[in-house]
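Below: the structure, in structure tokens.
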Amino acid sequence: MRRTSVVIGRARRRDEAAKRAEIAGAASAEAAVSGAAEVNVYLPGVDLTAAAFFDVDNTMMVGSSLFHFARGLAARDFFSTSDLFRFAGRQLRFRLWGKENMNDVADAREEALSFIAGRTVEEIVTMGEEIYDDLMVDKIYPGTRKLAQQHLDAGQRVWLVTATPVELAQLIARRLGLTGALGTVAENEDGVYTGKLVGELLHGAAKAAAIRAIAAREGLDLRRCTAYSDSVNDVPMLSVVGTAVAVNPDSELRDVARERGWQIRDFRSSAKTAVKVGVPSVLGVGIIGGAVAAGFAVRRKRR
């Protein structure tokens with residue numbers, strides 16, 4: 001009887017997670033369309049049924065976009081260094097031991113979301129512009145950027161897909177001259193964040209849901225679309241399109257790519273560079289990193 005209850009409980013949690021992923025994907029697609037660059041459908045060569053989807057962290061950009069953003073906020077006294085490392089510590093434990101502590105996840109998510117309440121979208125976007133210029137512009141992989149440009153030159157739309165807050169993701173997309181971005185959506189009322197998420201973090205299955213949602217909105221044929229990522233966590237996203245490319249892949253994704261016959265591209269110039277890429281990734285991404293992304297970690301340092 002007890003085992004049956006456990007099985008039912010797990011099934012319910014999976015169903016709930018799937019529902020949150022679909023909600024997050026739909027919200028991200030809606031935000032992406034509203035913030036996307038306008039496409040002139042009357043221009044010759046425009047391909048309206050194909051698009052490319054790029055993960056950001058370690059795919060388009062060296063390291064974690066959230067980590068760079070957090071560094072910029074810390075330098076501006078928006079929150080303390082101890083705040084950053086408290087979140088990072090939980091994620092590091094997960095990465096080292098391979099087992100997530102759901103209490104840690106819940107606590108970090110709740111704490112991070114509390115920081116965003118009362119902040120304005122305009123404030124975050126303005127700060128993000130400055131931080132991109134200071135810390136991110138030189139972190140873009142030229143090789144990945146070239147791949148994105150090839151899709152643009154072919155008349156296709158190019159979207160970033162990331163657990164990073166959608167406002168920051170859209171900022172990066174604009175600076176790179178891309179169509180737009182799918183990212184984690186935090187609820188706001190009249191331009192002020194409420195401290196709640198719409199659905200869930202755009203991570204794993206939620207990324208695939210977002211791509212399906214925007215394909216439905218934009219009339220894309222997913223069989224003609226391409227997706228790029230470095231992480232095995234993005235197998236759902238890579239599997240939803242016709243062409244999958246592993247860029248700077250982790251060992252698990254490299255194995256999956258070889259097994260499935262996916263393309264592999266590596267723009268890391270050396271083992272030393274690869275190590276540098278991994279450090280901010282551990283500190284800034286994944287479930288806890290995504291929770292920080294959801295909250296933007298913008299609490300001002302107590303004086």
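For Val247, nonlocal amide neighbours, meaning residues 5 or more places apart or on other chains whose placed amide H falls under 5 Å from its own, are Ser229, Asp230, Arg265. In plain terms, the residue of Asp234, Asp153, Asp221 with the fewest other Cβ atoms within 10 Å comes first and the most crowded comes last, giving Asp153, Asp221, Asp234.
Peptides 179-191, 139-151 ranked from most to least packed by the mean count of surrounding Cβ atoms within 10 Å: 179-191, 139-151. Its relative contact order, with pairs defined as Cα atoms under 8 Å and 6+ residues apart, puts segment 175-266 at 19 percent.
Here's how it looks for Thr164: its modeled amide H is under 5 Å from those of Thr184, which are all 5 or more places away or on a different chain.
Readers should treat all values here as calculations from the given coordinates under stated rules, not as data from a laboratory. Keep in mind the model is a prediction, meaning the values are calculated, not measured. Every residue, glycine among them, receives a Cβ derived from its backbone with ideal geometry; neighbour counts consider all protein chains shown.
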